[in-house]
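The values are calculated or read from the model by the stated rules, or taken from the named source; none is laboratory data. These figures come from a predicted structure and were not determined experimentally. A quick note on method: Cβ atoms are made from the backbone with ideal geometry, for glycine too, and the neighbour counts reach across all protein chains shown. Quick note on the areas: whole protein, heavy atoms, side chains included, nothing else; ligands and nucleic acids left out. Shrake-Rupley method; radii C 1.70, N 1.55, O 1.52, S 1.80 Å.
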Amino acid sequence: MMLLGELKKFTAQNPSFRILKPWWDVMSDYISLLMLTVSVFSSTLQASSEKVLCVPIPQDPPENVINLTSVYGVETYYFTSGHRTKMDLQYYFMVNQWCYEHVVPRFTRFFPYLILVNSTIFMIASNFWFKFPGTRSRIEQFITVLGMCLASPWTIKALSRTVHEATMIPLAPLETKPSESEAVARSLETETQASVLLKPSDSQLQNISQLEIREQLEDPPKPTQKRVSFRVEEVKRPHMSYACSKQFIDTVTGMGTALSILDKKEGEEAKALFERVKNFRLHTEKRRLLYNIYKIQAILRLLLSTSLFLYVAYYTPDIKFEFYCEEPRNISGYTQFSCIYVPWRMFTMLSVIYLLVLFCYIFLCLYTVYWIFWHKLQEYSFEIIRRESKIDDIPDVINDFALLLHLIHQYDQLYAWKFAVFLSDVSETKLDLLNMNNYWTQEKLRQRLSINLEGKLELRLPVLPGIPDQLFQLKEVEVLKLEKTKSATLMSDVSNMRLLKELWMTNCKIKVETTALVFLKKNLNILRVNFSNPDEVPAWVYHLSSLQELYINGHFELENKAIVALHSFKELTKLKFLFLKIRTSLIPATLLRLAQTLEGLSIDNDNIKLSSLSILKKFTNLKELSLNRCRMDRIPSSIFSLVKLQELDFSDNNLSFLEELASLQQLKNLVSLYLSNNIITSIPPHIIKVSRLEKLYIDHNQLTSICDAVFKLTRLSYLDVSKNEIHSLPAEIGNLVGLEYLSISHNELTSLPDQLFSCTKLKTLILSHNSISILSPLIGTLTQLSYLDLQENKLEKLPIELEQCTCLKRSQLLVEKEIFDTLPYEVRERMNIKNGCIS
């Protein structure tokens, strides 16, 4: 016979699954166990005791027999004295068994086994989703992840950090200070939030608090810890109970100061746990398997228990004490017997008990079904946690993940709080900051220092969650580049970086403390910011009064009515150069504040047509002007009054005709003209009127020839006509005796005029991607040539006169190896060992 302990083992589940069993499921398990106990006892009683006892009824009753028909409703006799029946004991056994099988009702015979089977089904059905492979795997993963979240040191540190930050009086925004009433209201609010946060986890927080206090005793507190204690005393109020105040203060002082200390291994484990929680969430939110199985098993239990209750209640009266039995075979000499059912009283009592217990079970099943359908178990909101913990980015979850959180919420609400820590990007960012400070030591930061092209000491920090604390100890840094920093604050320690003059911020969220802003106002000269949203441009940028160069790369659109991204430039009194990469149809009117001080203006309009440029007339001190990707089809007349202009850039537009070039003669200081990436087909002769021109870039156009007037610009030193459709180079190029840079690559040249080699000051000559077949020996006259590109031509050999180009190294001679090998061995060796230009 199967023992109760064996049945219990059969229905047992992982003890850790108890957190997914709300009170009604727990009560259902106990009731199921009670029903199982009753059924096992009934089955044992049924199997071990005598079932029926029968005695024969004579055909003609003797005088010593009393008829009890009127008493029991059946023809029953009671012998007042002995009566010989001539029946052996085996006859009685056979009659008892025959009457039990043919006369006793089925319900009476199988009642114990019926309730045993159903009780077993109840126990299996209530825990089926813990056994089914598809659901058990998810539940085990959830229990594992939840256990890791509860055991992670970061969980309690993140929660206590929230309390710690809530007790600190926040810094007031720039130019504003909180009123006294607002400060009191904030302190009262933080007290309430902290007490609510700590209330659910008295025992757990005390254990961790004691552990961290012992750690602090071993490691004496730092001076910053006194500030925490001072703040805690400030927010203490008489209306708080003694226990709450003590718990609040002990927790904050015991844990808040330990937040900045996180073991490297613990930090890495917590970071991995964040990824595991995210992956588990993505996996469980896709389906509703857990929800459907839980709902089906609840409905099945309700239907089964209800039908069983009705069945048992209906047939319980069939359990009788006495009954009449007629044995037709007459093998014993008697055909009629009077029988009694021996365990009827015990079975009747057990049936009543079972019905009462089953009624309670039905009530719990009804409540379970009500809870499933009344509550939205496919959605779980962290609104209360977001409001009370100040971690306002915890996302709501759906489907199976929501059901699991609803269940652990019923077990212990604190579990959901602790699990929510690992769903928050803010919490993850705080962890990243601690991990970052562990990794980015001062030595590690110094390894990333480099010298840029301008000879300045530069430090580039890409994709960090914040700014490492040790950065502010690098006093020698001159240029700081921050890229994709999630969230950071420049503290007062930035004043240690006294040599810092240039700051780059690419897709960063940087806040600045008041003391740090004072330092940046005095020291920062160059600022480059790159944002994708105009709201991300920090307001403190426009308070840097010592700023000389400002680069704003926005990729955003500015409406005519509100140039919110640019604010006011009134404090940038020393600004000399401004670069804007925006999308607007008009030049922002806010730039007029800089009209008299600005010397350089560059606008990249991202291929949005810039329709009105009349505002440029007021920038009378401009020396450099760039209007790129503005879809201009002609040179604007408003620039002709900017007599101080030295550099003009109209690259990446739709210029096709250059009739306005004649008007550029009014710009007597113009020395650089950029017309790259347009659709220019020819250069007009009146370009000669721009007589001071030194640099002309007209590459990436549709030129088929170069106007002779270009070669009358005797001051020209840089000429770029690459990527056009030029077939030949005029002999007049020899007039450009001061030419130092010439690029005519990606054209259709077949030969070079000998007059080109009269430009003896040439240092860079780019002839690649043409059809040149012969390189003249006159190349040797270019003794200052230090860069020569001959790739992708039709050359067969190189002239030996290249040896006379004493400044030309092998690394600066770009040509196919087999062509270079046509030079004599001695020439090749000398070019390989050249270290510099020989005067």
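Pairs only if they're at least six apart or on different chains, beta carbon under 6 angstrom, first in the stretch 431-450 and at pLDDT 85 or above, second among the small types (Gly, Ala, Ser) and in a helix (DSSP H, G or I); list them, first residue then second.
That search, which allows pairs on different chains as well, returns nothing.
Just to be sure I understand, how many residues within the stretch 763-778 are more than 55 Å from the chain's Cα centre (by Cα) and surrounded by 21 or more Cβ atoms within 10 Å (Cβ to Cβ)?
Going through the stretch 763-778 one residue at a time, the tally reaches 1.
Here are Gly73, Gly82: which of them is closer than 20 Å to Cys325 by Cβ and either modelled with pLDDT of 60 or more or open to solvent by 50 Å² or more (accessible area, probe 1.4 Å) (or both)?
Exactly one residue qualifies, and that residue is Gly73.
Could you list, ordered by first residue, the pairs with Cβ atoms under 6 Å in which the first is in the stretch 84-105 and in a loop (DSSP other than H, G, I, E, B) and the second is modelled with pLDDT under 75, at least 6 apart or interchain?
Here the result reads Met87/Ser332, each pair linking the stretch 84-105 to a residue that is modelled with pLDDT under 75.
Is it the case, given these coordinates, that Ile552 is at pLDDT 85 or above, open to solvent by 20 Å² or more (accessible area, probe 1.4 Å), β-branched (Val, Ile, Thr) and farther than 22 Å from Gln646 by Cα?
no
Could you figure out which of (1) open to solvent by less than 30 Å² (accessible area, probe 1.4 Å); (2) not in a helix (DSSP H, G or I); (3) not small (Gly, Ala, Ser) isn't true of Phe323?
All conditions pass for Phe323, except number (1).
Of all residues in the stretch 352-388, which are in a strand (DSSP E or B) and crowded, with 17+ Cβ neighbours inside 10 Å?
Scanning the stretch 352-388 gives a single hit, Tyr380.
Ala420 versus (1) open to solvent by 10 Å² or more (accessible area, probe 1.4 Å); (2) within 23 Å of Arg288 (Cα to Cα); (3) out of contact with any Lys or Arg (no Cβ under 7 Å at 6 or more places or on another chain): which is the lone unmet condition?
Status for Ala420: all satisfied but (1).
Can you give me the number of residues within the stretch 523-535 that are assigned to a helix (DSSP H, G or I) and crowded, with 17+ Cβ neighbours inside 10 Å?
Residues that pass the stated criteria total 2.
Starting from residues that are within 18 Å of Leu625 (Cβ to Cβ) and among the basic types (Lys, Arg), keep the ones in the stretch 673-718 and report whichever is modelled with the lowest pLDDT.
Residue satisfying both the conditions and the ranking: Arg692.
Find the residue count for the stretch 253-276, including only residues that are surrounded by fewer than 19 Cβ atoms within 10 Å (Cβ to Cβ), of a type in the set (A, V, I, L, M) and modelled with pLDDT of 75 or more.
Residues that pass the stated criteria total 1.
Output the residues belonging to the stretch 811-821 that are surrounded by 15 or more Cβ atoms within 10 Å (Cβ to Cβ) and touching a residue at least 24 places away in the same chain (Cβ under 8 Å).
Those that are surrounded by 15 or more Cβ atoms within 10 Å (Cβ to Cβ) and touching a residue at least 24 places away in the same chain (Cβ under 8 Å): Gln812, Leu813, Leu814, Val815, Ile819.
Within the stretch 710-725, does at least one residue satisfy the condition of being closer than 26 Å to Leu693 by Cα, free of Cβ contacts under 8 Å to residues at least 24 places away in the same chain and open to solvent by 20 Å² or more (accessible area, probe 1.4 Å)?
yes
Scan the stretch 137-145 and give yes if some residue there is open to solvent by 70 Å² or more (accessible area, probe 1.4 Å) and either within 30 Å of Pro58 (Cβ to Cβ) or modelled with pLDDT under 80 (or both), otherwise no.
no
Does Ser568 fit the bill of being surrounded by fewer than 17 Cβ atoms within 10 Å (Cβ to Cβ), over 32 Å from the mean Cα position of the chain (by Cα), in a loop (DSSP other than H, G, I, E, B) and at pLDDT 75 or above?
no
Name the single residue, out of those in the stretch 7-63 being surrounded by 15 or more Cβ atoms within 10 Å (Cβ to Cβ), modelled with pLDDT under 70 and closer than 30 Å to Gln413 by Cα, that is farthest from the chain's Cα centre (by Cα).
Only one residue fits best here, namely Thr11.
Condition (residue is open to solvent by less than 60 Å² (accessible area, probe 1.4 Å), small (Gly, Ala, Ser) and either within 28 Å of Ala709 (Cβ to Cβ) or assigned to a strand (DSSP E or B) (or both)) applied to the stretch 786-809: is it met by at least one residue?
No, because not a single residue in the stretch 786-809 is open to solvent by less than 60 Å² (accessible area, probe 1.4 Å), small (Gly, Ala, Ser) and either within 28 Å of Ala709 (Cβ to Cβ) or assigned to a strand (DSSP E or B) (or both).
When you check Leu664 against the structure, is it touching a Lys or Arg at 6+ places or on another chain (Cβ under 9 Å), assigned to a helix (DSSP H, G or I) and either among the aliphatic types (A, V, I, L, M) or open to solvent by 20 Å² or more (accessible area, probe 1.4 Å) (or both), yes or no?
yes
Here is a list: Arg345, Arg329. Which entry is basic (Lys, Arg), open to solvent by 50 Å² or more (accessible area, probe 1.4 Å) and in a helix (DSSP H, G or I)?
Result: Arg345 is the single residue among Arg345, Arg329 that is basic (Lys, Arg), open to solvent by 50 Å² or more (accessible area, probe 1.4 Å) and in a helix (DSSP H, G or I).
For the stretch 574-592, enumerate the residues that are open to solvent by 50 Å² or more (accessible area, probe 1.4 Å) and at pLDDT 85 or above.
If the condition is that a residue be open to solvent by 50 Å² or more (accessible area, probe 1.4 Å) and at pLDDT 85 or above, then Lys574, Lys576 are the ones that fit.
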